[in-house]
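Chemist: Provided herewith is a single structure, encoded as structure tokens, for subsequent inquiry.
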Amino acid sequence: MRSCWRPPIVQIIFAHGDDGGARHAGACSVIAFPIAYYAARYASGWTKALFYLAVMMPLWSSYLVKIYAWKLILAKEGILTWLAKGLHLSWLIDGLLAAADTSAVRRCRSAISAPSWSSSTSGFPT
């Protein structure tokens, strides 16, 4: 009996996806391991810094794209505010922002008025 959840076309698509993923992982391993070995064993100075930047830049750019996406979603004129206005829930967004702003102000005030531990010579507050 053929399952309605797994028609043959879905199985074919999954097989091609798995095959492509395996080839991609294999190619990345064949390329990356010798480069990583060279960077760890033989590279020094600016060459090691160049390898480090080559690895870190894609991760940083991904992080920056995520930050800007959240900024667009959560901005005052962003998608979330637009959706809340469309559903007549802008009062809820305003309340949440006011509560978050109040708690942030409280945290800043308590941090400013906290006792200084470094003022005493013994390391303990007097």
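The values are calculated or read from the model by the stated rules, or taken from the named source; none is laboratory data. Keep in mind that this is a model prediction, so the values were computed, not measured. Every residue, glycine as well, gets a Cβ built from its backbone with ideal geometry; the counts of neighbours run over all protein chains shown.
A quick yes/no check of all residues on (1) loosely packed, with under 10 Cβ neighbours inside 10 Å; (2) in contact (Cβ under 8 Å) with a residue 12 or more places away in the chain; (3) assigned to a helix (DSSP H, G or I); (4) not basic (Lys, Arg):
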{"site": "Leu50", "(1), (2), (3), (4)": "no, no, yes, yes"}
{"site": "Met57", "(1), (2), (3), (4)": "no, no, yes, yes"}
{"site": "Trp70", "(1), (2), (3), (4)": "no, no, yes, yes"}
{"site": "Leu80", "(1), (2), (3), (4)": "no, yes, yes, yes"}
{"site": "Lys85", "(1), (2), (3), (4)": "no, no, yes, no"}
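Chemist: Can I ask one more? Quick check on the range 38-48: of everything there that is surrounded by fewer than 12 Cβ atoms within 10 Å (Cβ to Cβ) and not in a helix (DSSP H, G or I), which residue is modelled with the highest pLDDT? Outline the logic, then answer.
Modeler: Residues of the range 38-48 surrounded by fewer than 12 Cβ atoms within 10 Å (Cβ to Cβ): 40-42, 44-46.
Pick out the ones that are also not in a helix (DSSP H, G or I) and you get 42, 44-45.
On the way: Tyr42: 92, Ser44: 88, Gly45: 88.
It comes out as Tyr42.
Chemist: So Phe14 clears everything in (1) in contact with a helix residue (DSSP H, G or I) (Cβ under 9 Å, 6 or more places away or on another chain); (2) surrounded by 11 or more Cβ atoms within 10 Å (Cβ to Cβ) except one condition, right? Which one?
Modeler: (1)
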